[in-house]
């Protein structure tokens, strides 16, 4: 399991990779844009379940969160278009 700060950093990168605005991601996650702003600023004051909703929205959009291994830290990747659910 990655640390909360690792998850937050990967979420910022994932949004950029998907070329989503904060507004777009907020709408997909069912949260306000200010929630995305707070998450991307470090996540202080944001409930874990809200962060999880945003992460789920990113995953539904095609992002795969990869755990750390002995060779590398946590990372993200894009799911192949034909593998999207």
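The values are calculated or read from the model by the stated rules, or taken from the named source; none is laboratory data. Bear in mind that the values here come from a model prediction, so they are computed numbers and not experimental data. Using ideal geometry, Cβ is built from the backbone for each residue, glycine included, and neighbour counts are taken over all protein chains shown.
In the stretch 34-54, what residues are outside any loop (DSSP other than H, G, I, E, B) and either touching a residue at least 24 places away in the same chain (Cβ under 8 Å) or surrounded by fewer than 14 Cβ atoms within 10 Å (Cβ to Cβ) (or both)? Don't jump to the end; show me each part of the working.
Initial filter on the stretch 34-54 (outside any loop (DSSP other than H, G, I, E, B)): 34-40, 48-54.
Once the filter is applied, which keeps residues that are outside any loop (DSSP other than H, G, I, E, B) and either touching a residue at least 24 places away in the same chain (Cβ under 8 Å) or surrounded by fewer than 14 Cβ atoms within 10 Å (Cβ to Cβ) (or both), the stretch 34-54 yields 34, 37, 39, 40, 48, 49, 51, 52, 53, 54.
Anything in the stretch 9-25 that is free of Cβ contacts under 8 Å to residues at least 60 places away in the same chain and buried (at least 20 other Cβ atoms within 10 Å of the Cβ)? List them, or say none.
Those that are free of Cβ contacts under 8 Å to residues at least 60 places away in the same chain and buried (at least 20 other Cβ atoms within 10 Å of the Cβ): 11, 15, 25.
Would you mind stating whether residue 76 is in contact with a helix residue (DSSP H, G or I) (Cβ under 6 Å, 6 or more places away or on another chain), at negative phi and part of a helix (DSSP H, G or I)? Give the steps one after another, and end with the answer.
Numbers: in contact with a helix residue (DSSP H, G or I) (Cβ under 6 Å, 6 or more places away or on another chain): yes; at negative phi: yes; part of a helix (DSSP H, G or I): no.
Against the criterion (in contact with a helix residue (DSSP H, G or I) (Cβ under 6 Å, 6 or more places away or on another chain), at negative phi and part of a helix (DSSP H, G or I)), residue 76 does not qualify.
Listed here are the residues, each with its yes/no results for (1) at pLDDT below 90; (2) out of contact with any helix residue (DSSP H, G or I) (no Cβ under 6 Å at 6 or more places or on another chain).
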| residue | (1), (2) |
| --- | --- |
| 12 | no, no |
| 18 | no, yes |
| 27 | no, yes |
| 40 | no, no |
| 44 | yes, yes |
| 47 | no, yes |
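For the structure I just gave you, tell me whether residue 57 is under 10 Å from the mean Cα position of the chain (by Cα), crowded, with 18+ Cβ neighbours inside 10 Å, in a helix (DSSP H, G or I) and at negative phi.
On the way: under 10 Å from the mean Cα position of the chain (by Cα): yes; crowded, with 18+ Cβ neighbours inside 10 Å: yes; in a helix (DSSP H, G or I): yes; at negative phi: yes.
Answer is yes for this residue.
So residue 2 fits all but one of (1) assigned to a helix (DSSP H, G or I); (2) modelled with pLDDT under 90; (3) in contact with a strand residue (DSSP E or B) (Cβ under 9 Å, 6 or more places away or on another chain); what number is the exception?
(1)
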